[in-house]
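Computed from the coordinates by the stated procedures, all read-outs in this text should not be read as laboratory data. Quick caveat: nothing in here was measured; it's all calculated off a predicted structure. Cβ sites come from the backbone with ideal geometry, for glycine too, and all protein chains shown count toward neighbours.
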Amino acid sequence: MTLDPAIAARLKRNADGLFCAVAQRHGSGEVLMVAWMDDEALDRTLTTRKATYFSRSRQQYWVKGETSGHTQYVHEVRLDCDGDTVLLLVDQEGAACHTGAATCFDADLLLADTDS
């Protein structure tokens, strides 16, 4: 697999060749998780519609849900205006977070409106 050169030319990568990927629930817009991708992970995601990320700690690719069953079917992939982040609009099966939580943003509320 090789990422389309027109897409690759628009990406801004960090020193490790990675860029940020944000997974958002298709339909509701709920932010599920943040992970890392490189060109290969993005190409695999675009080709298969299975969210594929790059693990910095294991230095390998991983398909979300491959071992847990908590898969992400990718409806859309969008590139942000700076080219350093992609947004994946996904159908999430099961928990998105490795802790078993629905999202990676369920645990620590740092600020909230008191008027609500």
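Can you classify the range 1-42 as rounded, prolate or oblate using the Cα gyration tensor, where a ≥ b ≥ c are the square roots of its eigenvalues, rounded means a/c under 1.5, and otherwise it's prolate if a/b beats b/c and oblate if not?
prolate
Which three extents, in angstrom, do the Cα atoms of the range 5-92 have along their principal axes, listed largest first?
Principal-axis extents of the Cα atoms in the range 5-92, largest first: 31, 29, 21 Å.
Just check the range 66-115 against the gyration tensor rule for me: Cα atoms, a ≥ b ≥ c as the square roots of the eigenvalues, rounded for a/c under 1.5, and otherwise prolate or oblate depending on whether a/b exceeds b/c. Walk me through the numbers before you get to the answer.
Values: a/c = 2.38, a/b = 1.10, b/c = 2.17.
Oblate shape, in that a/c is at least 1.5 and b/c is the bigger or equal ratio.
What fraction of the DSSP beta bridges in the range 5-92 is antiparallel, stated in percent and rounded to the nearest 5?
Taking every DSSP beta bridge within the range 5-92, about 75 percent pair in antiparallel fashion.
Just rank 70, 98, fewest to most, by other beta-carbon atoms within 10 angstrom.
Working: 70 16, 98 10.
Ordered from fewest to most neighbouring Cβ atoms within 10 Å, 70, 98 come out as 98, 70.
On a 0 to 90 degree scale, rounded to 10, what angle separates helix 39-48 from the longest Cα axis of the chain?
80
Using 1/(1 + (r/R0)^6) with R0 = 41 angstrom and r between the beta carbons of residue 12 and residue 114, what's the FRET efficiency to the nearest 0.05?
Details: r = 38 Å, r/R0 = 0.92.
Between residue 12 and residue 114 the formula returns 0.60.
Counting Lys and Arg as +1 and Asp and Glu as -1, what is the net charge of the other residues whose Cβ lies under 15 Å from the Cβ of residue 74? Display every interim value, and only then the final one.
Working: positive: 25, 44, 49, 50, 64, 78; negative: 43, 66, 76, 91, 93.
Taking every other residue near residue 74 into account, the sum is +1.
For 64, 50, what ranking results if the residue with the fewest other Cβ atoms within 10 Å of its Cβ goes first? It would help to have the intermediate numbers written out before the result.
Values: 64 25, 50 16.
If I rank by nearby Cβ atoms, fewest first, I get 50, 64.
Which GluC sites (Glu not before Pro) from the range 48-111 combine a DSSP loop assignment with at most 16 other Cβ atoms within 10 Å?
For GluC sites (Glu not before Pro) across the range 48-111 that sit outside H, G, I, E and B with at most 16 neighbouring Cβ atoms in 10 Å, the list reads 66, 93.
Could you give the size of the charge dipole of the range 1-75 about its Cα centre, using +1 on the Cβ of each K and R and -1 on the Cβ of each D and E, expressed in debye and rounded to the nearest 20?
Result for the range 1-75 is approximately 120 debye, rounded to the nearest 20.
Would you mind calculating the relative contact order of the chain from Cα pairs under 8 angstrom and at least 6 residues apart, reporting the percent as a whole number?
25 percent.
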